[in-house]
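K.L.:
My questions all concern the structure below.
The values are calculated or read from the model by the stated rules, or taken from the named source; none is laboratory data. Source: prediction; values computed, not measured. FYI the Cβ positions are ideal-geometry reconstructions off the backbone, even for glycines, and counts take in every protein chain you see. All accessible areas refer to the heavy atoms of the entire protein, side chains included, with ligands and DNA or RNA removed. Shrake-Rupley method; radii C 1.70, N 1.55, O 1.52, S 1.80 Å.
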Amino acid sequence: MAIKISLHAKQRIMERGLTEQQVRHFFETNEGLLSVETSDRDSTVSVMEAMINGRKYRLIYDVKDDFLVTVYPI
(Lines give C-alpha, C1' and ligand atoms only; values in the text may rest on other atoms or scores of the structure.)
Protein backbone atom coordinates (compact mmCIF):
# COMPACT_ATOMS: atom_id res chain seq x y z
CA MET A 1 0.00 0.00 0.00
CA ALA A 2 1.56 3.29 -1.10
CA ILE A 3 -0.21 5.65 1.27
CA LYS A 4 0.22 9.39 1.17
CA ILE A 5 1.55 11.03 4.31
CA SER A 6 0.47 14.57 5.14
CA LEU A 7 3.08 17.21 5.92
CA HIS A 8 1.69 17.36 9.46
CA ALA A 9 2.12 13.58 9.86
CA LYS A 10 5.68 13.73 8.48
CA GLN A 11 6.54 16.39 11.06
CA ARG A 12 4.97 14.35 13.87
CA ILE A 13 6.73 11.16 12.73
CA MET A 14 10.09 12.92 13.06
CA GLU A 15 9.15 14.50 16.40
CA ARG A 16 8.12 11.08 17.76
CA GLY A 17 11.45 9.48 16.85
CA LEU A 18 10.02 7.34 14.07
CA THR A 19 11.00 7.16 10.44
CA GLU A 20 8.73 7.36 7.45
CA GLN A 21 10.00 3.91 6.46
CA GLN A 22 8.82 2.43 9.78
CA VAL A 23 5.36 3.90 9.29
CA ARG A 24 5.17 2.74 5.66
CA HIS A 25 6.27 -0.74 6.77
CA PHE A 26 3.43 -0.77 9.29
CA PHE A 27 0.88 0.04 6.57
CA GLU A 28 2.37 -2.54 4.20
CA THR A 29 2.39 -5.38 6.72
CA ASN A 30 0.05 -4.38 9.58
CA GLU A 31 2.83 -5.66 11.82
CA GLY A 32 2.20 -4.37 15.33
CA LEU A 33 -1.45 -3.50 14.73
CA LEU A 34 -3.35 -3.58 18.03
CA SER A 35 -6.74 -2.15 17.05
CA VAL A 36 -8.66 -0.29 14.36
CA GLU A 37 -11.79 1.76 14.93
CA THR A 38 -13.84 4.12 12.82
CA SER A 39 -13.73 7.68 14.09
CA ASP A 40 -16.82 8.91 15.94
CA ARG A 41 -16.49 12.23 14.11
CA ASP A 42 -15.97 11.02 10.53
CA SER A 43 -16.80 7.61 9.13
CA THR A 44 -14.05 7.91 6.50
CA VAL A 45 -11.33 8.12 9.16
CA SER A 46 -9.74 5.16 10.92
CA VAL A 47 -8.13 5.42 14.32
CA MET A 48 -5.43 2.75 14.67
CA GLU A 49 -3.36 1.72 17.63
CA ALA A 50 -0.06 0.07 16.86
CA MET A 51 3.19 -1.00 18.42
CA ILE A 52 5.99 0.46 16.29
CA ASN A 53 9.63 0.29 17.26
CA GLY A 54 8.71 -0.87 20.76
CA ARG A 55 6.30 2.00 21.52
CA LYS A 56 2.54 2.32 21.29
CA TYR A 57 1.16 4.90 18.84
CA ARG A 58 -2.19 6.10 17.60
CA LEU A 59 -2.40 6.73 13.85
CA ILE A 60 -5.18 8.76 12.29
CA TYR A 61 -5.76 7.61 8.72
CA ASP A 62 -8.15 9.05 6.12
CA VAL A 63 -9.44 5.96 4.32
CA LYS A 64 -11.34 7.84 1.64
CA ASP A 65 -8.35 9.89 0.47
CA ASP A 66 -5.74 7.25 1.44
CA PHE A 67 -3.51 9.41 3.59
CA LEU A 68 -2.07 9.45 7.06
CA VAL A 69 -3.22 12.54 8.95
CA THR A 70 -1.12 12.28 12.13
CA VAL A 71 0.71 9.99 14.55
CA TYR A 72 1.11 10.37 18.28
CA PRO A 73 2.29 8.22 21.21
CA ILE A 74 -0.18 6.74 23.67
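K.L.:
Modelled label-to-label distance, His25 and Arg55, 7 Å Cα→beta-carbon offset: nm?
P.N.:
1.6
K.L.:
A further question follows. Give the calculated FRET efficiency between Glu15 and Thr44 to the nearest 0.05, with a Förster radius of 25 Å applied to their Cβ-Cβ distance. Don't jump to the answer; show the numbers that get you there.
P.N.:
Numbers: r = 26 Å, r/R0 = 1.03.
Efficiency, rounded to the nearest 0.05: 0.45.
K.L.:
When only Cα pairs under 8 Å and 6 or more residues apart are kept, what is the percent relative contact order across the chain? Mind dumping the intermediate values first?
P.N.:
Values: 128 pairs, mean separation 24.1, N = 74.
After rounding, I find 33 percent.
K.L.:
Under a cut-off of 14 Å between alpha-carbon atoms, report the aspartates and glutamates in cross-link reach of Lys10, not counting same-chain residues fewer than 8 places apart.
P.N.:
Hits, sequence-local ones excluded: Glu20.
K.L.:
Also: May I have the convex hull volume per residue, in Å³, for the Cα set of the chain?
P.N.:
Details: hull volume 6.0 nm³, N = 74.
Each residue corresponds to 81 Å³ of Cα convex hull volume.
K.L.:
Can you give me the % of accessible surface on the chain that is carbon or sulfur? Probe 1.4 Å, all protein chains present, nothing else counted. Before the final figure, lay out the partial values.
P.N.:
Details: 2240 of 4630 Å².
Using a 1.4 Å probe with all protein chains present, the chain comes out at 48 percent carbon and sulfur.
K.L.:
Taking H placed 1.01 Å from N in the peptide plane, check which residues at least 5 places from Val69 or on another chain put their amide H under 5 Å from its amide H.
P.N.:
Excluding prolines and chain starts, which carry no amide H, the hits are Ile60, Tyr61, Asp62.
K.L.:
As a check on your grasp of the helix formula, calculate [θ] at 222 nm for the chain: sum -39500 (n - 2.57) over DSSP H runs of n ≥ 4, divide by the residue count, round to the nearest 500. Numbers along the way, then the final one.
P.N.:
Details: 2 runs with 19 residues, N = 74.
Counting only the DSSP helices, I get -7500 deg cm²/dmol.
K.L.:
Mind checking the per residue accessible area of the stretch 1-61 for me, 1.4 Å probe, whole number of Å²? Don't jump to the answer; show the numbers that get you there.
P.N.:
On the way: 3930 Å² over 61 residues.
Averaged over the residues of the stretch 1-61, the accessible area is 64 Å².
K.L.:
Which cross-chain or sequence-distant (5 or more) residues have an amide H under 5 Å from the amide H of Val45, H modelled 1.01 Å from N in plane?
P.N.:
Ser39, Val63
K.L.:
Explain nothing, just the number: dipole magnitude of the stretch 30-74 about its Cα centre with +1 on each Lys and Arg Cβ and -1 on each Asp and Glu Cβ, in debye rounded to the nearest 20. Walk me through the numbers on the way to the answer.
P.N.:
Numbers: 5 positive and 8 negative charges, 48 e Å.
Computed about the Cα centre, the dipole is about 220 debye.
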